[in-house]
Amino acid sequence: MANTKSAKKAERRNTRRTVANKARRTRMRSSWRSVEEAVAAGDAKKAQEALKAAESETMRAVSKKVAPKNTGARKISRLSKRVAALSGPKKAP
């Protein structure tokens, strides 16, 4: 239990930040799930839109220190690879 005034204030702040961070982490994971569902359904257009939203949400979480930078980059890279495979092979110029 916090004894000093500053420790009590820190505890209140930590509680607020915990709630915000949990919400942000949930939004990030939900955005990943929406990409996975679109890929599983075979809908390339929907997957592309979901990927764009997921990338934005993930990078926002990374910038707020909710998730490690490499974790965010790795997840977006893997999702991008799956969406690209769904939309077909690229043609060489």
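The values are calculated or read from the model by the stated rules, or taken from the named source; none is laboratory data. Remember, predicted model here, so these are calculated numbers, not experimental data. Counting neighbours? That spans all protein chains shown, and the Cβs are built from the backbone with ideal geometry, glycine included. The protein model used for the area step is the full one, side chains on, heavy atoms only, and it has no ligands, DNA or RNA in it. Shrake-Rupley method; radii C 1.70, N 1.55, O 1.52, S 1.80 Å.
Of note:
- For the range 73-93, the set of residues classified as at pLDDT below 95, in a helix (DSSP H, G or I) and among the hydroxyl-bearing types (Ser, Thr, Tyr) is empty.
- Of all residues in the range 33-42 being open to solvent by 40 Å² or more (accessible area, probe 1.4 Å) and in contact (Cβ under 8 Å) with a residue 24 or more places away in the chain, the one that is farthest from residue 85 (Cα to Cα): 36
- Of all residues making up the range 57-74, the number that are surrounded by fewer than 17 Cβ atoms within 10 Å (Cβ to Cβ) and touching a residue at least 24 places away in the same chain (Cβ under 8 Å): 2
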